[in-house]
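**Student:** Before I ask anything, let me first share the structure, which is written out below as structure tokens.
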Amino acid sequence: MTVSTNNILVTGGAGFIGSNFVLHWLAQRGGQLINLDVLSYAGNPENLASLRDDRRYKLVHGDICDASLVNTVLREHRPSAIVHFAAESHVDRSIADPGAFIRTNVQGTFTLLEQAKQYWLTLDDAGRKSFRFLHVSTDEVYGSLGPQDAAFCETTAYAPNSPYAASKAASDHLVRAYHHTFGLPVLTTNCSNNYGPFQFPEKLIPLMILNALEGKPLPVYGDGGNVRDWLFVEDHCSAIRTVLDRGRVGQTYNIGGNSERKNLDVVTAICDIVDELRPDAALTPRRRLIQFVKDRPGHDRRYAIDASKIEHELGWKPTEQFEDGLRKTVAWYLEHAGWVESVRTGAYLEWIRQNYEQRTSR
Ligand code: NAD
Ligand code: DAU
């Protein structure tokens with residue numbers, strides 16, 4: 001069986017990074033794109049509403065843990081690549097309910113790999129050679145850095161600290177094993193914290209934008225000195241396309257934004273941008289809304305990415321400056337009040353109550 005060149009299967013394409021990837025991919029490439037997504041609380045088909053009449057795009061509403069469905073999708077659409085985003089992705093939720101993370105991130109990735117392997121074995125020589133399984137993972141698998149430690153590189157030992165990070169680490173190991181044992185042509189990317197349009201407002205940046213806009217408290221965990229390396233989502237999508245096109249099979253690539261920032265600095269920057277774009281005498285300066293609250297258990301202190309491998313081997317580096325990307329992101333949330341209202345359902349409000357009620361002070 002031959003593969004259909006340029007047809008790809010994306011999992012989790014209705015989530016934050018996945019929907020940005022789908023939109024950018026179809027703006028630049030031909031072929032068909034199948035999006036297999038269970039539409040969990042984090043998956044929103046409205047992110048892809050602009051593709052409603054695009055015959056190259058198809059949403060399959062289903063679970064990556066459903067082996068028979070995955071098998072049918074692969075045989076019907078015969079993709080030349082799978083780009084695997086689907087996951088439970090929020091660290092705080094993994095502390096509240098780790099089981100969901102083991103199911104989707106470990107069992108789901110295993111199911112997808114096993115079905116991908118069986119499909120791949122049915123391809124002809126050329127199809128088997130060109131096929132790719134790209135697994136989207138995280139820098140959190142490497143654990144936590146001290147202030148002076150060198151940034152994570154691809155050979156840094158795994159030391160996941162949260163149930164989320166442990167489930168992603170397990171999935172990375174399964175991907176590696178399917179290459180080593182069965183020869184499945186895999187690629188793995190480990191990236192830093194993404195930000196940009198369509199991010200579900202449970203994560204730091206969109207939560208702080210919306211709370212600042214509405215004059216609500218801005219809950220900074222611990223002392224606000226934790227450091228993350230911020231990667232604009234469009235840069236991440238271009239890195240994934242680069243690895244898919246030119247990455248060496250079986251390799252892993254770290255992807256970062258060259259933008260290490262302390263959480264408190266990110267939150268104050270958001271306050272200042274919202275003050276400027278939405279001045280309100282009763283709320284300005286919004287920095288006054290910052291509240292230091294009880295820390296996340298096991299909170300990793302610092303992440304930093306050494307992205308020299310992807311730069312030297314594949315010629316990719318991030319293009320967005322953090323301050324510019326943050327301004328674009330704030331502007332996007334201010335301009336998309338309808339999207340914001342549509343994702344703030346009862347279940348979302350219940351999560352916010354559950355997560356922040358027990359954190360009232362440090
Ligand atoms: P997200 O939570 O916004 O979206 C996840 C998507 O996966 C949703 O559309 C959801 O419906 C879907 N999904 C969940 N369980 C599924 C299942 N069982 N079957 C099919 N679909 C399912 O996540 P995100 O922030 O876009 O992250 C995407 C990927 O990138 C994840 O694998 C995550 O671990 C990784 N990652 C994210 C970041 C980040 O900063 N957001 C950084 C590094 C790595
Ligand atoms: O590093 C990559 C990871 O980045 C991804 O693998 C995860 O999917 C993604 O969620 C993200 O994980 P973080 O835990 O770093 O992201 P989050 O937005 O939840 O938190 C960012 C930092 O802000 C972290 O140090 C915790 C802190 N924080 C978060 C929230 C939600 C706060 O201080 N207050 C908050 O209310």
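The values are calculated or read from the model by the stated rules, or taken from the named source; none is laboratory data. Bear in mind the structure is a predicted one, so any value in this text is a computation, not a measurement. With ideal geometry, Cβ positions are generated from the backbone for all residues, glycine too; neighbour counts draw on all protein chains shown.
**Student:** Going by the conditions given, is residue 158 out of contact with any Ser or Thr (no Cβ under 8 Å at 6 or more places or on another chain), hydroxyl-bearing (Ser, Thr, Tyr) and crowded, with 21+ Cβ neighbours inside 10 Å?
**Tutor:** It is false that residue 158 is out of contact with any Ser or Thr (no Cβ under 8 Å at 6 or more places or on another chain), hydroxyl-bearing (Ser, Thr, Tyr) and crowded, with 21+ Cβ neighbours inside 10 Å.
**Student:** Here's something else I'd like to know. Scan 224, 257 and give me the residue that is within 12 Å of ligand 2 (Cβ to nearest atom), in a loop (DSSP other than H, G, I, E, B) and within 19 Å of the chain's Cα centre (by Cα).
**Tutor:** Just one listed residue meets the conditions, 257.
**Student:** Residues 233, 186, 141, 220: which one is buried (at least 21 other Cβ atoms within 10 Å of the Cβ), closer than 20 Å to residue 325 by Cβ, among the β-branched types (Val, Ile, Thr) and touching a Phe, Trp or Tyr at 6+ places or on another chain (Cβ under 8 Å)?
**Tutor:** Residue meeting the stated conditions: 233.
**Student:** Filter segment 236-254 down to residues that are surrounded by 18 or more Cβ atoms within 10 Å (Cβ to Cβ) and not in a helix (DSSP H, G or I) and give me whichever is nearest to ligand 2 (Cβ to nearest atom).
**Tutor:** 254
**Student:** Which residues, taken from segment 260-306, are closer than 24 Å to residue 92 by Cβ, of a type in the set (D, E, K, R) and away from ligand 2 (no atom under 14 Å from the Cβ)?
**Tutor:** 286, 287
**Student:** Examine segment 41-48 for a residue that is assigned to a strand (DSSP E or B), touching a strand residue (DSSP E or B) at 6+ places or on another chain (Cβ under 8 Å) and surrounded by fewer than 23 Cβ atoms within 10 Å (Cβ to Cβ), and state whether such a residue exists.
**Tutor:** No, segment 41-48 has no match at all.
**Student:** Hey, residue 348 hits all of (1) surrounded by 13 or more Cβ atoms within 10 Å (Cβ to Cβ); (2) modelled with pLDDT of 95 or more but one; which does it fall short on?
**Tutor:** Just one mismatch for residue 348, condition (2).
**Student:** When both residues are 6+ apart or on different chains and their Cβ atoms are under 9 Å apart, which pairs have a first residue that lies in segment 220-246 and is under 30 Å from residue 80 (Cα atoms), and a second that is part of a helix (DSSP H, G or I) and among the hydroxyl-bearing types (Ser, Thr, Tyr)?
**Tutor:** That search, which allows pairs on different chains as well, returns 232/329; 233/329.
**Student:** Next question. Identify, from the list 204, 187, 210, 174, the residue that is touching a Leu at 6+ places or on another chain (Cβ under 9 Å) and closer than 25 Å to residue 24 by Cβ.
**Tutor:** The match here is 187.
**Student:** Kindly provide the set of residues from segment 168-197 that are free of Cβ contacts under 8 Å to residues at least 12 places away in the same chain and within 16 Å of residue 82 (Cβ to Cβ), ordered by number.
**Tutor:** Within segment 168-197, 183 is the sole residue that qualifies.
**Student:** Can you name the condition, by its number, that residue 9 falls short on among (1) over 25 Å from residue 130 (Cα atoms); (2) more than 10 Å from ligand 1 (Cβ to nearest atom); (3) touching a residue at least 24 places away in the same chain (Cβ under 8 Å)?
**Tutor:** Going through (1) over 25 Å from residue 130 (Cα atoms); (2) more than 10 Å from ligand 1 (Cβ to nearest atom); (3) touching a residue at least 24 places away in the same chain (Cβ under 8 Å) one by one, residue 9 breaks only (1).
**Student:** Here is a further query. Please return the ranges of helices (runs of 4 or more DSSP H) entirely within segment 56-140 where 2 or more residues are in contact with a helix residue (DSSP H, G or I) (Cβ under 6 Å, 6 or more places away or on another chain).
**Tutor:** 67-77, 91-96, 98-101, 109-121
**Student:** In this structure, is residue 94 within 16 Å of ligand 2 (Cβ to nearest atom) and closer than 15 Å to residue 198 by Cβ? Spell out how you get there, then give the answer.
**Tutor:** Details: within 16 Å of ligand 2 (Cβ to nearest atom): yes; closer than 15 Å to residue 198 by Cβ: no.
Answer is no for this residue.
Condition check ((1) loosely packed, with under 15 Cβ neighbours inside 10 Å; (2) of a type in the set (D, E, K, R); (3) at negative phi; (4) within 16 Å of ligand 1 (Cβ to nearest atom)) across all residues:
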residue	(1), (2), (3), (4)
259	no, no, yes, yes
273	no, no, yes, no
293	no, no, yes, no
298	yes, no, no, no
305	no, no, yes, yes
